[in-house]
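Q: Provided herewith is a single structure, encoded as structure tokens, for subsequent inquiry.
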Amino acid sequence: MNLVLGVDIGTTNLKLGVFRLIGGTLEPIRQFSRSYAINVYNGGRFADIEQSRWTEAFAAGCRALAETAADIDLIAISGT
């Protein structure tokens with residue numbers, strides 16, 4: 001069905017989007033976003049995050065978009 005799953009793993013939230021490829025243009029059909037807290041140290045100079053927060057957000061997004069999973073042809077992932 002020419003569907004693309006886009007995944008953006010950001011500093012404070014994770015976003016997933018399912019898009020349909022129509023004549024060279026991506027048309028959004030479903031979206032998901034989940035925010036998560038980061039740990040900040042030394043007055044904001046350093047930060048980290050538990051990997052489980054990314055895993056939990058990604059799993060929740062996959063469940064939310066599950067009805068489109070069988071038709072996804074391509075996955076694009078970006079992480080910061």
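Values in this text are rule-based calculations from the coordinates and carry no lab data. Treat the numbers as computed from the prediction; the structure is a model and nothing was measured. Every residue, glycine among them, receives a Cβ derived from its backbone with ideal geometry; neighbour counts consider all protein chains shown.
Q: Summing Lys, Arg as +1 and Asp, Glu as -1, what charge do residues with Cβ under 11 Å from the Cβ of S35 carry, S35 excluded?
A: Surrounding charge for S35 is +3.
Q: From the alpha carbon gyration tensor of the chain, can you work out the equivalent ellipsoid semi-axes (sqrt of 5 times each eigenvalue) and give them in Å, largest to smallest?
A: Values: eigenvalues 171, 33, 14 Å².
Result for the chain: semi-axes of 29, 13, 8 Å.
Q: Additional query: Applying 1/(1 + (r/R0)^6) with R0 = 25 Å to the Cβ-Cβ distance of I49 and L26, what FRET efficiency is obtained, to the nearest 0.05?
A: With a Förster radius of 25 Å, E is 0.30.
Q: Would you mind working out the magnitude of the charge dipole of the range 19-76 relative to its Cα centre, with +1 at each Lys and Arg C-beta and -1 at each Asp and Glu C-beta, to the nearest 20 Debye?
A: Approximately 200 debye in magnitude.
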